[in-house]
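Peer 1: Encoded as structure tokens, here's the structure I'll be asking about.
The values are calculated or read from the model by the stated rules, or taken from the named source; none is laboratory data. All of these numbers come straight from a predicted model, not from anything done at the bench. We place every Cβ from the backbone using ideal geometry, glycine too, and count neighbours over all the protein chains shown.
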């Protein structure tokens with residue numbers, strides 16, 4: 001069947017949920033900022049949000065390790081995104097999704113059903129290699145997924161995992177999941193060089 005990709009007069013634009021995932025240092029925020037900065041060229045209005053938990057580079061801004069910045073709203077809860085949404089916003093960018101509460105997938109669904117383009121960036125897994133916050137549900141719901149890689153700090157090969165360090169050594173499985181930090185606390189690692197001491201064995 002041939003479907004013509006045409007918008008009829010008065011027809012609501014179809015929303016979409018895009019997900020950008022990967023380990024730390026893979027360029028997720030760069031990719032997110034790059035997409036939302038295209039909004040004016042598409043004659044759209046974009047608005048960005050991030051979690052108030054992430055204070056590494058200040059509040060009310062998206063920023064990268066290369067100091068690329070974009071204005072954003074730092075929110076405490078997922079539902080605050082709807083409260084701060086401006087009239088006329090067509091595209092919504094959400095960074096550091098792993099720090100949000102479990103209502104984020106529902107909030108994203110509401111926005112998509114309104115016809116908005118929602119672009120979410122976050123860590124696909126925590127330092128233990130396990131689902132991080134609402135990321136599993138977002139992966140389930142996403143219409144488009146971009147999976148980025150970093151470079152392993154040990155061997156230089158493609159890295160898909162985030163290594164937490166405590167005094168320069170791999171963090172134990174029982175250490176806190178959420179510890180905000182950058183290169184002083186984290187590295188990107190490949191599967192072979194990712195270490196989680198104390199992680200329970202499957203079936204054990």
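Peer 1: Please enumerate the residues belonging to region 87-100 that are touching a strand residue (DSSP E or B) at 6+ places or on another chain (Cβ under 9 Å) and assigned to a loop (DSSP other than H, G, I, E, B).
Peer 2: 89, 90, 96, 100
Peer 1: In region 19-49, what count of residues is obtained for those that are part of a helix (DSSP H, G or I) and either without any contact (Cβ under 8 Å) to a residue 60 or more places away in the chain or more than 23 Å from residue 162 (Cα to Cα) (or both)?
Peer 2: 8
Peer 1: Another question, if that's okay. When you go through 198, 156 one by one, which is the residue that is loosely packed, with under 13 Cβ neighbours inside 10 Å, free of Cβ contacts under 8 Å to residues at least 12 places away in the same chain and assigned to a loop (DSSP other than H, G, I, E, B)?
Peer 2: One residue alone meets the criteria, 156.
Peer 1: Does region 114-151 hold any residues that are surrounded by 21 or more Cβ atoms within 10 Å (Cβ to Cβ) and assigned to a helix (DSSP H, G or I), and which are they?
Peer 2: Of everything in region 114-151, those that are surrounded by 21 or more Cβ atoms within 10 Å (Cβ to Cβ) and assigned to a helix (DSSP H, G or I) turn out to be 135, 138.
Peer 1: Right, here's the next one. Just to be sure I understand, how many residues within region 71-84 are surrounded by 18 or more Cβ atoms within 10 Å (Cβ to Cβ) and assigned to a loop (DSSP other than H, G, I, E, B)?
Peer 2: Of the residues in region 71-84, 2 are surrounded by 18 or more Cβ atoms within 10 Å (Cβ to Cβ) and assigned to a loop (DSSP other than H, G, I, E, B).
Peer 1: Which of the residues that make up region 101-124 are in contact (Cβ under 8 Å) with a residue 40 or more places away in the chain and within 21 Å of residue 178 (Cβ to Cβ)?
Peer 2: 108, 120, 121, 122, 123, 124
Peer 1: Given the options 165, 111, name the one that is at pLDDT below 95, in contact with a strand residue (DSSP E or B) (Cβ under 8 Å, 6 or more places away or on another chain) and either in a strand (DSSP E or B) or within 27 Å of residue 45 (Cβ to Cβ) (or both).
Peer 2: 165 is the lone residue from the list that is at pLDDT below 95, in contact with a strand residue (DSSP E or B) (Cβ under 8 Å, 6 or more places away or on another chain) and either in a strand (DSSP E or B) or within 27 Å of residue 45 (Cβ to Cβ) (or both).
Peer 1: Going through 131, 105 one at a time, which residue ends up being under 30 Å from residue 42 (Cα atoms) and touching a helix residue (DSSP H, G or I) at 6+ places or on another chain (Cβ under 9 Å)?
Peer 2: On inspection, the qualifying residue turns out to be 105.
Peer 1: At pLDDT 95 or above and in a loop (DSSP other than H, G, I, E, B): which single residue out of 192, 184 fits that description?
Peer 2: None of the others qualify; the one that does is 192.
Peer 1: When residues of region 47-59 are filtered for being over 14 Å from the mean Cα position of the chain (by Cα) and either surrounded by 20 or more Cβ atoms within 10 Å (Cβ to Cβ) or modelled with pLDDT of 95 or more (or both), how many remain?
Peer 2: So the answer is 1.
Peer 1: Still on this structure, please answer the following. Identify the single condition in (1) surrounded by fewer than 22 Cβ atoms within 10 Å (Cβ to Cβ); (2) at pLDDT below 95 that residue 96 does not satisfy, given that it satisfies every other one.
Peer 2: (1)
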